[in-house]
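Data first, discussion second: the structure below is written as structure tokens.
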Amino acid sequence: MNEIDAIARRLVEAYRQRNRIAVTPESGPVDAEQAYAVQRAVWRMLVGDSRPSAWKVGAAAPDAPPFAAPVLPSRLAWGPVHLSAGLFTGLGVEAEIALRFARDLPARPEPYDRTEILAAIGSAHVAMELVDTRLADAEAAGPYWRLADNQVNGALVLGDAIADWRAADWSECAVRITADDREVATGTGRPPLGDILHCLPWWLAHVGGARAGDIVTTGAWTGMHPVAGAMELRAMFEGLGQAAVRLA
């Protein structure tokens, strides 16, 4: 067994056993290239040879290298939806905007520009990322373990389609997250990195282009909010819609 597969098998076992593994930075991928190789190996072991059709993308800052991670099919849902609480070992929520492609953008050497990307997107949706990890201490594990762990994605819940989204003012949105009857976050959110399309040219090159139906979610608008133990979760963008999930 090679090193990539050995790391991937530890993560796959954590997925299947619903537990967390204790790791150190030295025991995992040594760079982003290895971390992405682990992502692909985990996908192959859990899903098979099909290509991912949903992704999360982001970056630490506008001038930082972007990152991407696939969303497992079993952890992608259209809300309102019921999911098993047993899928998760801990839970946080992020309010996001996801984009769904209506047209293919085949792989090509030159990057796609903003106009081409906008023309290929069919709809924008309020989304809720459920943040979870297979790592006992994701922060101490380091960035390459987190990247290998699908950038700590637990699930992605897609909500309402946003009417006339191309004309929407994304500069400031009233965002609210609730857990059961408790408000865990409220305030003015702003597009991650100042632009929901910021990472998409890089992402298209990274994944080899997009196909009609592909979904990409573009990052948290108000940060990540722990909601351990909650059963009813909602992420709401005032005037745009919401995404909702009940954990059973």
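What the table below lists for this structure:
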read-out	value
Meets criteria (of a type in the set (A, V, I, L, M) and either surrounded by 20 or more Cβ atoms within 10 Å (Cβ to Cβ) or over 15 Å from the mean Cα position of the chain (by Cα) (or both)) for residue 157	yes
Cβ pairs under 6 Å, 6+ apart, first in region 84-95 and touching a residue at least 40 places away in the same chain (Cβ under 8 Å), second charged (D, E, K, R) and in a strand (DSSP E or B)	94/129
Any pair with Cβ under 7 angstrom, 6 or more apart, that starts in region 177-191 at a residue that is surrounded by fewer than 17 Cβ atoms within 10 Å (Cβ to Cβ) and ends at one that is among the β-branched types (Val, Ile, Thr)	187/175; 187/222
Within region 214-248, considering residues that are under 23 Å from residue 192 (Cα atoms) and small (Gly, Ala, Ser), the one modelled with the lowest pLDDT	239
Residue ID - farthest from residue 195 (Cα to Cα), chosen from residues in region 113-135 that are touching a Leu at 6+ places or on another chain (Cβ under 9 Å) and either free of Cβ contacts under 8 Å to residues at least 12 places away in the same chain or β-branched (Val, Ile, Thr) (or both)	131
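The values are calculated or read from the model by the stated rules, or taken from the named source; none is laboratory data. Just so we're clear, the structure is a prediction, and the values are computed from it rather than from any experiment. With ideal geometry, Cβ positions are generated from the backbone for all residues, glycine too; neighbour counts draw on all protein chains shown.
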